[in-house]
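S.K.: Pasting in a structure now, in structure tokens, and then I'll have a few things to ask.
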Amino acid sequence: MSSVINVENLKIGYSSSSILAIVDNLQINKGEIVSIIGESGIGKTTLLRNFAKLLSPIDGKLLIFDSQLKPERGKLGYIPQKLGLITHETVYFNVLEGAICHESLLRSITGFHEEKVINKVEDSIKLMNLSDKIDEPIKYLSGGQQRRVAIARTMAQGAKLILADEFLSELDDKTANNVWNIMSEYVRSNDITLVIVEHNVERAKLADRCFELVRNQDSDFSVLLEVDK
Amino acid sequence: MNLDREKFLKRKKYPIFLAFIILTTFYVFSDLVDGDWNSLENSLDNLSVFFYESLWPPNWKVLEARSYPVCDRGWDILCSPAYIGIVETLKIAFVSTGLGFIISLPLASFASRNLYRDSIAIPFRFLLSSMRTLPSLIWAIFFVILIGLGPVSGVMAMTFYTIGYLGKLQYETIEGISKDPLDAARAMGLSNSEIIMRVVIPESANNLISQLLFMFEYNVRHGSVIGIVGAGGIGYYISTYLKFLQYDKVMALLIVLFFVVVLIDILSIKARSYFIEDVNLKYPSFFKSILRFK
């Protein structure tokens, strides 16, 4: 099985003088669902932002799709804690943001989108059961519907690796479980790798593997340990 | 107990700060006056003499057609200095705001530190602040020398100032947008130009439009000033009447300008209320608009 994320002796943080976390060894394979838990401020988001190539590691090896470079356009989908949607724009507009990864810069900027891009947007919206909300601004949608839009956006971009940062945290249990089911069903049926930072331990253990960032007793930084399920 | 005391002291800081501001202001003011308070003593009398002898009543001849060239329009008012001047001022303000907006938006994007690294953003900030340093009046003098008298100089002057001023408002707005949509777009692999078109502009559109309307309003007010140095608009007529000591006509033009600015203010509040989110701006009554007239 080919590894999508490959980590060796990774040191993360915001400066070399203050290392937040160290990950000795981690391989996440294609199609795997991995969850990360840990207390607030321990470095979960920083780790995910490193995986998303939004931050550079302080030291160590971090390969995404077997490369140290940024993954090719559209291959990596990142869902931040607050989802990163344009809240006063419509569902269509937000999902289209993902789909433009499949067309040229000129087309995406000028708005003359290709037929296949439009189809991708419509298919993703349909799959997420949002067809009746297509022209609705995000701010008028419920928390669960907003998460479905975020998933539809990564679907439209055709992401092979999805990094989701506590994106179920503000939902009630029933809705959160529902969104989790939708997400896991989608990634499993499409052989997509999902790394999700999760607050709820019960839900986190539903993943194939669960890791916890724990504070190292002797030092300030935290380390990533696999949790027995 | 200690916590309450700390809270109390914290609250106490505001009156102290206010008192400090008031005292410092008066101290610096008295330093400027340099003991010569007598000069202020007769100011009210002087004002009333000037007002009743020169300014009041306004001379409404400014609303009548000029004697030359002969008026060939339906109504006399359409050939009056007040109408011609105010329409030209509005045109100058409109064109310079539009041009300024088109040019300032890309410059402001380059100047935003959440989009471009400091080595790119800081030179663009310098450029914008250098354009803002000179007030539109100085730009107008510069362009009147360069291009000559007339509205084109006015447009150029106000465009330059608009770029500097609007650019600053824009890059501050862009820097204030949420990090999350930018992160999501960057992780996706979108280029900066796509991020600007797909995330930055939609995310800050309400503020950008609101600033654009504010800038138009601002340019109408300043359009009257730059005319004084020969850059067209109602200011040209104001300066001419001032030269011939026809203060009653100046007063009439200022009243016309006042009502036009109030009208634009009302329209702009109405227009902005469509774009500003989560603010329940109601259509203002005429009186309320006058009260918030700047």
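S.K.: For the condition more than 10 Å from every other protein chain (Cβ to nearest Cβ) and β-branched (Val, Ile, Thr), what is the one hit in B:155, B:199?
M.R.: Values: B:199 fails: more than 10 Å from every other protein chain (Cβ to nearest Cβ).
The unique qualifying residue is B:155.
S.K.: Where residues in the stretch A:133-152 are among the β-branched types (Val, Ile, Thr) and surrounded by fewer than 23 Cβ atoms within 10 Å (Cβ to Cβ), which of them is nearest to residue A:76 (Cα to Cα)? Even if it seems obvious, please write down each step before you answer.
M.R.: Restricting attention to the stretch A:133-152, the residues satisfying the condition of being among the β-branched types (Val, Ile, Thr) are A:134, A:138, A:149, A:151.
Then drop every residue that is not surrounded by fewer than 23 Cβ atoms within 10 Å (Cβ to Cβ), which leaves A:134, A:138.
Details: A:134: 24, A:138: 23 Å.
Ranking the qualifying residues of the stretch A:133-152, first place goes to A:138.
S.K.: Then there is this: What single numbered condition from (1) among the small types (Gly, Ala, Ser); (2) at the interface with chain A (Cβ under 10 Å from one of its Cβ atoms); (3) in contact with a helix residue (DSSP H, G or I) (Cβ under 8 Å, 6 or more places away or on another chain); (4) buried (at least 22 other Cβ atoms within 10 Å of the Cβ) fails to hold for residue B:232?
M.R.: Residue B:232 satisfies all of (1) among the small types (Gly, Ala, Ser); (2) at the interface with chain A (Cβ under 10 Å from one of its Cβ atoms); (3) in contact with a helix residue (DSSP H, G or I) (Cβ under 8 Å, 6 or more places away or on another chain); (4) buried (at least 22 other Cβ atoms within 10 Å of the Cβ) except (2).
S.K.: Suppose the filter is under 24 Å from residue B:255 (Cα atoms) and either open to solvent by 40 Å² or more (accessible area, probe 1.4 Å) or not in a helix (DSSP H, G or I) (or both); does residue B:78 pass it?
M.R.: Values: under 24 Å from residue B:255 (Cα atoms): yes; either open to solvent by 40 Å² or more (accessible area, probe 1.4 Å) or not in a helix (DSSP H, G or I) (or both): yes.
Yes: the conditions hold for residue B:78.
S.K.: So, in the stretch B:193-216, of the ones that are touching a Lys or Arg at 6+ places or on another chain (Cβ under 9 Å), at pLDDT 85 or above and of a type outside the set (Gly, Ala, Ser), which residue ends up surrounded by the most Cβ atoms within 10 Å (Cβ to Cβ)? Break it down stepwise before answering.
M.R.: Step one: of the stretch B:193-216, the residues touching a Lys or Arg at 6+ places or on another chain (Cβ under 9 Å) are B:195, B:206, B:209-210, B:213-214.
Imposing the further condition that a residue be at pLDDT 85 or above reduces the set to B:195, B:209-210, B:213-214.
Keeping just the survivors that are of a type outside the set (Gly, Ala, Ser) gives B:195, B:209, B:213-214.
On the way: B:195: 21, B:209: 16, B:213: 19, B:214: 17.
Among those that are touching a Lys or Arg at 6+ places or on another chain (Cβ under 9 Å), at pLDDT 85 or above and of a type outside the set (Gly, Ala, Ser), it is B:195.
S.K.: Okay, moving on. Could you tell me whether any residue of the stretch A:174-181 is free of Cβ contacts under 8 Å to residues at least 12 places away in the same chain, surrounded by fewer than 19 Cβ atoms within 10 Å (Cβ to Cβ) and not assigned by TED's automatic domain parsing to the domain that holds residue A:83? Before you say what the answer is, go through the steps one by one.
M.R.: Start the filter on the stretch A:174-181 by keeping residues that are free of Cβ contacts under 8 Å to residues at least 12 places away in the same chain, which leaves A:174, A:181.
Filter once more, so that each one left must be surrounded by fewer than 19 Cβ atoms within 10 Å (Cβ to Cβ): A:174, A:181.
Cutting the leftovers down to not assigned by TED's automatic domain parsing to the domain that holds residue A:83 gives us A:174, A:181.
Looking for residues that are free of Cβ contacts under 8 Å to residues at least 12 places away in the same chain, surrounded by fewer than 19 Cβ atoms within 10 Å (Cβ to Cβ) and not assigned by TED's automatic domain parsing to the domain that holds residue A:83, one finds at least one in the stretch A:174-181, hence yes.
S.K.: Among the residues in the stretch A:28-36, are any in contact with a strand residue (DSSP E or B) (Cβ under 6 Å, 6 or more places away or on another chain), assigned to a strand (DSSP E or B), more than 25 Å from residue A:181 (Cβ to Cβ) and more than 14 Å from every other protein chain (Cβ to nearest Cβ)?
M.R.: Checked against the condition, which is being in contact with a strand residue (DSSP E or B) (Cβ under 6 Å, 6 or more places away or on another chain), assigned to a strand (DSSP E or B), more than 25 Å from residue A:181 (Cβ to Cβ) and more than 14 Å from every other protein chain (Cβ to nearest Cβ), the stretch A:28-36 yields no hits at all.
S.K.: Among the residues in the stretch B:163-171, are any away from chain A (no Cβ under 14 Å), open to solvent by less than 20 Å² (accessible area, probe 1.4 Å) and modelled with pLDDT under 90?
M.R.: For the stretch B:163-171, residues away from chain A (no Cβ under 14 Å), open to solvent by less than 20 Å² (accessible area, probe 1.4 Å) and modelled with pLDDT under 90: absent.
S.K.: Would the stretch A:83-100 turn up any residue that is facing chain B (nearest Cβ under 9 Å), surrounded by fewer than 16 Cβ atoms within 10 Å (Cβ to Cβ) and either over 21 Å from residue B:186 (Cβ atoms) or modelled with pLDDT under 90 (or both)?
M.R.: Scanning the stretch A:83-100 turns up no residue that is facing chain B (nearest Cβ under 9 Å), surrounded by fewer than 16 Cβ atoms within 10 Å (Cβ to Cβ) and either over 21 Å from residue B:186 (Cβ atoms) or modelled with pLDDT under 90 (or both).
S.K.: Could you say whether any residue in the stretch B:172-185 is open to solvent by 10 Å² or more (accessible area, probe 1.4 Å), within 14 Å of another protein chain (Cβ to nearest Cβ) and free of Cβ contacts under 8 Å to residues at least 60 places away in the same chain?
M.R.: Residues of the stretch B:172-185 open to solvent by 10 Å² or more (accessible area, probe 1.4 Å): B:172-173, B:175-180.
Then drop every residue that is not within 14 Å of another protein chain (Cβ to nearest Cβ), which leaves B:177-180.
Within this subset, residues satisfying the condition of being free of Cβ contacts under 8 Å to residues at least 60 places away in the same chain are B:178, B:180.
Checking the stretch B:172-185: at least one residue is open to solvent by 10 Å² or more (accessible area, probe 1.4 Å), within 14 Å of another protein chain (Cβ to nearest Cβ) and free of Cβ contacts under 8 Å to residues at least 60 places away in the same chain.
S.K.: Exactly one of these conditions fails for residue A:21: (1) open to solvent by less than 10 Å² (accessible area, probe 1.4 Å); (2) within 14 Å of chain B (Cβ to nearest Cβ). Give me its number.
M.R.: (2)
S.K.: Further question on the same structure: Criterion first (in contact with a Ser or Thr (Cβ under 7 Å, 6 or more places away or on another chain) and modelled with pLDDT of 90 or more) does residue B:96 satisfy it?
M.R.: Working: in contact with a Ser or Thr (Cβ under 7 Å, 6 or more places away or on another chain): yes; modelled with pLDDT of 90 or more: yes.
It is true that residue B:96 is in contact with a Ser or Thr (Cβ under 7 Å, 6 or more places away or on another chain) and modelled with pLDDT of 90 or more.
S.K.: Also, I was wondering about something else. Can you work out which of the residues in the stretch A:207-229 that are more than 20 Å from residue A:12 (Cβ to Cβ) and in contact (Cβ under 8 Å) with a residue 40 or more places away in the chain is surrounded by the most Cβ atoms within 10 Å (Cβ to Cβ)? Show your work before the answer.
M.R.: Looking only at the stretch A:207-229, we keep the residues that are more than 20 Å from residue A:12 (Cβ to Cβ), and these are A:207-208, A:228-229.
Still in the list and also in contact (Cβ under 8 Å) with a residue 40 or more places away in the chain: A:207-208.
On the way: A:207: 22, A:208: 15.
Here the answer is A:207.
S.K.: Is one or more of the residues making up the stretch B:128-147 surrounded by fewer than 22 Cβ atoms within 10 Å (Cβ to Cβ), away from every other protein chain (no Cβ under 14 Å) and of a type in the set (Gly, Ala, Ser)?
M.R.: Scanning the stretch B:128-147 turns up at least one residue that is surrounded by fewer than 22 Cβ atoms within 10 Å (Cβ to Cβ), away from every other protein chain (no Cβ under 14 Å) and of a type in the set (Gly, Ala, Ser).
S.K.: Let me ask something else. Counting only residues that are open to solvent by less than 40 Å² (accessible area, probe 1.4 Å) and either more than 7 Å from chain B (Cβ to nearest Cβ) or of a type outside the set (A, V, I, L, M) (or both), which one in the stretch A:69-78 is farthest from residue A:53 (Cα to Cα)? Before you say what the answer is, go through the steps one by one.
M.R.: Start the filter on the stretch A:69-78 by keeping residues that are open to solvent by less than 40 Å² (accessible area, probe 1.4 Å), which leaves A:71, A:74, A:76-78.
Going one step further and asking which of them are either more than 7 Å from chain B (Cβ to nearest Cβ) or of a type outside the set (A, V, I, L, M) (or both), we end up with A:71, A:74, A:77-78.
On the way: A:71: 9, A:74: 13, A:77: 11, A:78: 10 Å.
Checking each candidate, the answer is A:74.
S.K.: Here's something else I'd like to know. How many residues are at pLDDT below 90 and within 14 Å of chain B (Cβ to nearest Cβ) if we restrict to the stretch A:159-192?
M.R.: 4
S.K.: Same structure, new question: Pick from B:36, B:45, B:72: which is part of a helix (DSSP H, G or I) and either in contact (Cβ under 8 Å) with a residue 60 or more places away in the chain or acidic (Asp, Glu) (or both)?
M.R.: Values: B:36 fails: part of a helix (DSSP H, G or I); B:72 fails: part of a helix (DSSP H, G or I).
Going through B:36, B:45, B:72 in turn, just one is part of a helix (DSSP H, G or I) and either in contact (Cβ under 8 Å) with a residue 60 or more places away in the chain or acidic (Asp, Glu) (or both): B:45.
The values are calculated or read from the model by the stated rules, or taken from the named source; none is laboratory data. What you are looking at is a predicted structure, and each value in this text was computed from that prediction instead of being measured. Reconstructed Cβ throughout: ideal geometry from the backbone, glycine too, with neighbour counts over all protein chains shown. The area values use the complete protein model at the heavy-atom level, side chains included, leaving out ligands, DNA and RNA. Shrake-Rupley method; radii C 1.70, N 1.55, O 1.52, S 1.80 Å.
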